[in-house]
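What follows is a set of notes on a single structure, which appears directly below.
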2 protein chains.
Amino acid sequence: MTLEKLMAEIIVCFRKHAGSDGNSGTLSQQELSEMAKKEFPSLCQSPKKDEILKDIFAQMDIDGSNTVDFKEFMVFLSCITIAVEDCCKK
Amino acid sequence: MTLEKLMAEIIVCFRKHAGSDGNSGTLSQQELSEMAKKEFPSLCQSPKKDEILKDIFAQMDIDGSNTVDFKEFMVFLSCITIAVEDCCKK
């Protein structure tokens with residue numbers, strides 16, 4: 001799969017999860033939890049996952065709107081990807 | 001494909017292209033051009049693509065090292081993805 005397609009998949013995935021409540025422009029905390037369980041299975045092994053997800057949501061919600069828009073989502077996704085790539089180098 | 005897998009694919013793709021010169025930590029301008037042709041086929045339709053890619057490389061190379069590291073690459077990839085998603089909304 002080309003990077004071009006990967007980018008399109010990221011947009012489609014965000015909209016799929018964000019659209020559960022009829023508004024595909026933003027993720028609510030509930031939608032983020034559902035997304036995390038499906039899209040980040042290994043991250044969700046922890047017994048403390050609900051607590052972790054609550055904290056993650058607060059950090060993602062840069063403008064404090066109690067929702068996460070696509071820009072906030074991409075900033076978060078990039079930070080995790082950079083951190084994972086950095087770990088792989090060590 | 002889960003977002004988790006998409007993230008891993010982005011890392012693998014970067015390293016594959018960055019590794020052509022033996023250093024998989026950074027992209028040279030030549031490596032970026034090769035990556036763009038393979039990974040962004042629709043972006044590379046323009047007859048001015050070489051000129052465009054030179055300009056893109058200069059913008060990606062935030063620290064002026066004449067190479068693009070993974071962090072710079074992810075900032076760039078996120079900006080394009082956000083711009084594409086924004087276009088799709090209009």
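Could you say which residue among A:Asp21, A:Asp50, A:Asp55, A:Asp69 is closer than 23 Å to B:Ser78 by Cβ, among the charged types (D, E, K, R) and modelled with pLDDT under 95? If you could, list the steps in order and put the result at the bottom.
On the way: A:Asp21 fails: closer than 23 Å to B:Ser78 by Cβ; A:Asp50 fails: closer than 23 Å to B:Ser78 by Cβ; A:Asp69 fails: modelled with pLDDT under 95.
Residue meeting the stated conditions: A:Asp55.
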Hits in the range B:25-42 (condition: facing chain A (nearest Cβ under 10 Å) and crowded, with 16+ Cβ neighbours inside 10 Å): B:Met35, B:Ala36, B:Glu39, B:Phe40
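Check B:Ile82, B:Ile56 and return the single one that is surrounded by 14 or more Cβ atoms within 10 Å (Cβ to Cβ) and at the interface with another protein chain (Cβ under 9 Å from one of its Cβ atoms). Write out each step before concluding.
Values: B:Ile56 fails: at the interface with another protein chain (Cβ under 9 Å from one of its Cβ atoms).
Answer to the check: B:Ile82.
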Residues being out of contact with any Leu (no Cβ under 8 Å at 6 or more places or on another chain) and part of a helix (DSSP H, G or I) - total across the range B:53-71: 6
Members of the range A:72-90 found to be within 20 Å of A:Ala18 (Cβ to Cβ) and either of a type outside the set (D, E, K, R) or not in a helix (DSSP H, G or I) (or both), listed by number: A:Phe73, A:Met74, A:Val75, A:Phe76, A:Leu77, A:Ser78, A:Cys79, A:Ile80, A:Thr81
Selection within the range A:56-90 - farther than 16 Å from A:Ser28 by Cβ and not hydrophobic (A, V, I, L, M, F, W, C): A:Lys71, A:Ser78, A:Thr81, A:Glu85, A:Asp86, A:Lys89, A:Lys90
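The values are calculated or read from the model by the stated rules, or taken from the named source; none is laboratory data. Since we're looking at a predicted model, the values are computed, not measured. Quick reminder, even Gly has a Cβ in these numbers, built from the backbone with ideal geometry, and neighbours come from all protein chains shown.
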